[in-house]
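Peer 1: Pasting a structure here, questions to come.
What follows draws every value from the coordinates through simple rules; no lab data is involved. Just so you know, these numbers come straight off a predicted model, no measurement behind them. Because the Cβ atoms are built from the backbone with ideal geometry, glycine has one as well, and the counts that use them run over all protein chains shown.
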Amino acid sequence: MTVDSSFKAMDGQAPLLQVAGLTKRYGGVVAVNDLGFSLGKGQILGVIGPNGAGKSTLISMLGGALQPTEGNIFFNGRNITATSAASRARLGIGRTYQIPRPFLDMTVEENLLVPLYARSPFANRKIVRLECRALLEKTNLVDVADWRARDLPLLRRKRLEVARALALKPQLLMLDEVGGGLVDREIDELIELVRQVAPETDGIIIIEHVLRVVRECCSTTMVMNFGEKFAYGPTEDVLASDDVAAIYLGSAHKKQGRAEGANAAAQAGAEPVPDAALSQASHGLDSIVAPPRTPSGEAAPELLRLEDVCAGYGQARVLHGLSFGVKAGQAVAILGCNGAGKSTLSQVIAGTIKPTSGSLRFDGADITSMAPHRIADLGIAQCLEGRRIFPTLSVEENLLLAARRVAPKEQKERLDAVYRLFPILAERRGQAGTSMSGGQQQMLAIGRALMSRPRLVVFDEISLGLAPVIVDRLYTALDVLRKAGLTILLVEQDVERSLDLVDTAHIVSHGNIVLSGSAVEVRNHPGLKDLYVGAGHEEPRESVCV
Amino acid sequence: MQTQIKPAAHADAAACRTIAYSVVLLAVVGFPIVVPGALSSYGFEVGFRLLLLMTLAEAWNLLAGYGGLVSLGTASFFGAGGYMLMGLMNFAGLPVLPALLASAVAGAALAALVSPAVFRLKGLYFTVGTLALAEAIRLFMINTSYFGGATGWFAVVDPPSVQVLYLWAWVLFVFATIVLSLYVSSRLSIALKAVRDDEAAADQVGVRVFRVKLLAFMTASALMAMAGGLQAVKLGAIEPYGMFGISWSVDVLSVVIIGGIGLRAGPLVGTVFIVALSEWLADYPDVHLAITGLILIVVIRCAPQGLTGLAISLWRRRNGRRTQTGRADAAGAQSALERG
């Protein structure tokens, strides 16, 4: 109520958005607790925080998809707490979804016509078409205008998501992790797009794990933790804060180049804790890591061999003759940007996509045309992109599913080993798999892949959409597994972290391996930046990455 | 330059196709009216059924194919239309045409009345809810003496000849085709399809979901009620078991699913197939039912887009190679252009 009166006093000077005492409870769980902040006209606010901190819940409440349990939301000084989502959209609040939700069976153009017509139902058709065209050009979607949204790859879906929100001509634009899964070059484009649309809006809220976006776009940053405002202030100060480092940034803090901050973070206990826990976990991993069958003294034999593998979908060729091998006990990374063919490659290894030519051998056996479940039986486990947790099964059931034909005693041992590796899973064992935060789900996905006591695990994009501190945790676990003798094939976009872990790396571009070598060689290769990181602005947009 | 005109041209082409399709269809079906002796009275009899079912299927296709509202409540609106028409003709002495318009209003009003309840249900629950609605209305009509109870009503005027009925059914079908063609090619269908694909996301981009669904529901129900009214005229006597019978709801569903859900020609193909089958097996009702069920299962399993969808994909596969290469070339040219 006090907020209400203070608003009348400010009259006309009201900020674009004012949130007071915002709370969302699900039963006993508090997702957002007594949150208050305001967004001035022309401001760009970054919201960061660990997975499960309540960031997406906040966006949903601002957008109207969720009703807050308590608290008020004011937009241009008007209380919109009880206003429907559709009306808020018409008032000028546009949002994107963390996982893109385009209208799948409509064309890209039709997807944009939905908000355009919703905003002005009686607008002249030709003018609307022109607006639509302009949006398609701005978001680089012209060439797929008459594709069904279902046929778009993830990156394009994300762009469509942004385009659709922009079609509302929003005063307030809310971007929910649009940077997740993009490589540097694409993030450059995203930052450029945000800067381009900023003058057309009155304010932007960006939820992001990609810190560069926050650093370069947002003047102010809010950190959320356990549903509460943990820190709020100018972006530089917030990102330099030791407390924020401890709960969220983890090792990403170090890369900022502020040495004293990093030391403080280490003292604050950001990193040693998981390490200590994990060093204990590394004992007794035998039950989930099959030892490489190497006669001692000999060079490790090749466990997996791809020879000249070509694959694709219908008319589209994605892989053009890939050849590489993974030796027993080795960790190998496949790096590349979106659309390079990495995910297709992991599907080919899993057997869910059959190569059109070339061959795959695993431990001497030809697996080129083997059914996926037989390949899994041979000892190749998949930690799939997007986690793919079974939502109706509990955490423990998800794990046990991967060890079905194993004696109960052995099952117990494997479960214990996974729980030692990720103790949080033991705490949550009875909970539904997808009810956990993103980071915990990823731990579950990794645990599930290990439950079959595999000889080789393919980890596909495990860092996608996770807070830096969680990614640290996952990579520490992978390191423990590697040291325990697990053969690892890592499919990743995060070059730095991958190269820290693996022995050998292959860079894939356009379905070809363009650079191979040891982690050190690849890291120091002068071509790496041009090939992958994409600082080269002289190249036309998209030619490499899409 | 070229890409700038493309989408508009694309939409115009789609509109042209719809118009051409409608004209050909109307001409073929309307032909027996103009040419005397083109059909026997048996032919007109079958033709009437065909047109009625086609109207119902078109209306149902708008709901299910474009709006994602798979309804098993067709009988509610069909029956309501029949009773409205018969009541007005018997007790108010209204001629058929105004009474038919009144049944349309009755159908739309019933839809508006039940919408707050049935729209609370999503997906399969909506389907079950509409089924329950139809059954509830049927039981209500049987047990209420005010509407003639289980015996129903008899028409006080004699039904017109089968030729006249065919003409009216044709007019109704033309009307339904025009209404639905306009609906489907307009911006109304954009919002409707968005609601079908993702209700929450549609809400979030400003689509008023309830209104969009209600408009489609009322439009379809009005057409269904008019079809029911026409059936009442033909029968001359109506009772709840027939007018509110579940078979109307199920027949329409099988017609559209076998024909091809969400496709413009789906209802037509499905109706022709179902009516032909039922005429062919008219002497063996049990076999007919079993075979229809079997076909439904096979179609759902093997051709989810129905017979029309199957035909289109076979056609594309036959002529496909050339067009596909053409498309790939275009795509290649496009990316080459982008690369500079």
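Peer 1: Only four residue types carry charge here, +1 at the Cβ of Lys and Arg and -1 at the Cβ of Asp and Glu. Report the dipole size of the range A:308-392 about the Cα centre in Debye, rounded to the nearest 20.
Peer 2: 180
Peer 1: If you don't mind, another one. Sticking to Cα atoms, compute the Rg of the range A:2-235 to one decimal and its Dmax as the biggest Cα-Cα distance, whole number, in Å.
Peer 2: 17.5, 52
Peer 1: Highest first, please rank the peptides A:369-375, A:59-65, A:109-115 by the mean number of other Cβ atoms sitting within 10 Å of their residues.
Peer 2: With the highest mean Cβ count within 10 Å placed first, the list reads A:109-115, A:59-65, A:369-375.
Peer 1: First measure r as the distance between the Cβ atoms of A:Lys126 and B:Val250, then evaluate 1/(1 + (r/R0)^6) with R0 = 60 Å and state the FRET efficiency to the nearest 0.05.
Peer 2: Efficiency computed from Cβ-Cβ geometry: 0.85.
Peer 1: Describe numerically, in nm with one decimal, the distance between label points set 7 Å from Cα along Cα→Cβ at A:Arg25 and at A:Asp286.
Peer 2: Roughly 5.1 nm, to one decimal.
Peer 1: In terms of the ratio Rg/(2.2 N^0.38 Å) built on C-alpha atoms, what value belongs to the protein assembly as shown?
Peer 2: So the Cα radius of gyration is 1.09 times the expected 2.2 N^0.38 Å.
Peer 1: Quick one: 3J(HN,Hα) in Hz for the range B:114-127, Karplus 6.51/-1.76/1.60 with θ = phi - 60°, rounded, Gly and Pro as x.
Peer 2: Listing the rounded values in order: 8, 4, x, 6, 6, 6, 5, 8, 10, x, 4, 5, 4, 4 Hz.
Peer 1: Still on this structure, I have one more. If we count other beta carbons within 10 Å of each Cβ, what is the order of B:Tyr166, A:Tyr313, fewest first?
Peer 2: By the 10 Å Cβ count, ascending: A:Tyr313, B:Tyr166.
Peer 1: Which of the aspartates and glutamates could be linked to A:Lys412 by a straight reach, that is with a Cα gap under 19 Å, when you skip same-chain ones fewer than 8 residues away?
Peer 2: A:Asp286, A:Glu396, A:Glu397, A:Glu427
Peer 1: Sticking with this one: Under 5 Å between amide H atoms, partner at least 5 residues away or on a different chain: which partners does A:Gly321 have, H built in plane at 1.01 Å?
Peer 2: Answer set, sorted by chain and number: A:Val309, A:Cys310, A:Ala311.
Peer 1: Further question on the same structure: What residues have an amide H closer than 5 Å to that of B:Gly149, excluding those fewer than 5 places away on the same chain, when H is modeled at 1.01 Å from N in the peptide plane?
Peer 2: It is B:Thr144, by chain and number.
Peer 1: Which of A:Ile367, A:Ile127 comes first, and how do the rest follow, when ranked by fewest Cβ neighbours within 10 Å?
Peer 2: Taking fewest neighbouring Cβ atoms as first place, the list is A:Ile127, A:Ile367.
Peer 1: Could you go through the range A:179-191 in sequence order and give the Karplus-derived ³J(HN,Hα) for each residue, using 6.51 cos²θ - 1.76 cosθ + 1.60 with θ = phi - 60°, rounded to whole Hz, and x for Gly and Pro?
Peer 2: x, x, x, 9, 8, 3, 4, 5, 5, 3, 5, 4, 4
Peer 1: With no solvent and one equal point scatterer per Cα, compute the Debye intensity ratio I(q)/I(0) for the range B:40-180 at 0.09, 0.11, 0.14 Å⁻¹ and report its log10, rounded to two decimals.
Peer 2: For the range B:40-180 at q = 0.09, 0.11, 0.14 Å⁻¹, log10 I(q)/I(0) is -0.31, -0.47, -0.77.
Peer 1: Under a point spin-label approximation (7 Å from Cα along Cα-to-Cβ), what is the A:Thr434-A:Ala300 distance to one decimal in nm?
Peer 2: With each label point 7 Å from Cα toward Cβ, the separation is 3.6 nm.
Peer 1: For chain B, what does the relative contact order come out to in percent, with C-alpha contacts under 8 Å and a separation of six or more?
Peer 2: Relative contact order comes out at 27 percent.
Peer 1: Which residue, chosen from B:Phe77, B:Gly152, B:Phe217, occupies the Cα position most advanced towards the positive end of the dipole of the range B:2-245, where the dipole is computed from +1 (Lys, Arg) and -1 (Asp, Glu) charges on Cβ about the Cα centre?
Peer 2: Result: B:Phe217, furthest along the dipole toward the positive end.
Peer 1: At 20 °C and 1.002 mPa s, what whole-number value in µm²/s does Stokes-Einstein give for the translational diffusion of chain B, with Rh from the Kirkwood sum over Cα pairs?
Peer 2: 100
Peer 1: Using a simple charge model, +1 on the beta-carbon of Lys and Arg, -1 on the beta-carbon of Asp and Glu, nothing else, what dipole does the range B:2-245 show about its Cα centre, in debye to the nearest 20?
Peer 2: Using only the charged Cβ atoms, the result is roughly 460 debye.
Peer 1: Label-point separation (nm) for A:Asp34 and B:Ile312, each offset 7 Å from Cα along Cα-to-Cβ?
Peer 2: 5.8
Peer 1: Helix-only mean residue ellipticity at 222 nm, the protein assembly as shown, DSSP H runs n ≥ 4 weighted -39,500 (n - 2.57), per residue, nearest 500. What is it?
Peer 2: Helix contribution divided over all residues of the protein assembly as shown: -16500 deg cm²/dmol.
Peer 1: What order do you get for B:Leu51, B:Leu121, A:Leu499 when you list them from fewest to most C-beta neighbours inside 10 Å?
Peer 2: If I rank by nearby Cβ atoms, fewest first, I get B:Leu121, A:Leu499, B:Leu51.
Peer 1: Would you list which aspartates and glutamates come within 18 Å of A:Lys41, measuring only between C-alpha atoms, while excluding same-chain residues fewer than 8 positions from it?
Peer 2: A:Asp11, A:Glu200, A:Asp202
Peer 1: Could you pull out every one of the aspartates and glutamates with an alpha carbon less than 13 Å from that of A:Lys158, ignoring same-chain neighbours closer than 8 positions?
Peer 2: Answer for A:Lys158, where 13 Å is the Cα cut-off: A:Asp176, A:Glu177, A:Glu186, A:Glu189, listed by chain and number.
Peer 1: Given the pairs A:Lys126/B:Lys193; A:Lys342/A:Lys483; A:Lys229/A:Lys483; A:Lys55/B:Lys213, which are separated by over 29 angstrom at their Cα positions?
Peer 2: Checking Cα-Cα distances, A:Lys229/A:Lys483; A:Lys55/B:Lys213 exceed 29 Å.
Peer 1: Measure nothing fancy, just the Cα-based angle from helix B:74-91's long axis to the longest principal axis of chain B, in degrees from 0 to 90, nearest 10.
Peer 2: That helix lies at roughly 40 degrees to the long axis.
Peer 1: Let me ask something else. Cα axis of helix B:266-280 to longest principal axis of chain B: angle in degrees, 0 to 90, nearest 10?
Peer 2: With both axes taken from Cα atoms, the answer is about 50 degrees.
Peer 1: Oh, and also: Residue by residue through the range A:155-164, what is 3J(HN,Hα) from phi via Karplus (6.51 cos²θ - 1.76 cosθ + 1.60, θ = phi - 60°)? Round to whole Hz and write x for glycine and proline.
Peer 2: These are the phi-based 3J(HN,Hα) values: 4, 5, 4, 5, 5, 4, 4, 5, 4, 5 Hz.
Peer 1: Something else about it: Quick one: compute the contact order of the range A:2-235, relative version, from alpha carbon pairs under 8 angstrom and 6+ residues apart, as a percent.
Peer 2: 28
Peer 1: Suppose R0 equals 41 Å; then what is the FRET efficiency for B:Tyr241 and B:Ala117 from their Cβ-Cβ distance, rounded to the nearest 0.05?
Peer 2: Plugging the Cβ-Cβ distance into 1/(1 + (r/R0)^6) gives 0.95.
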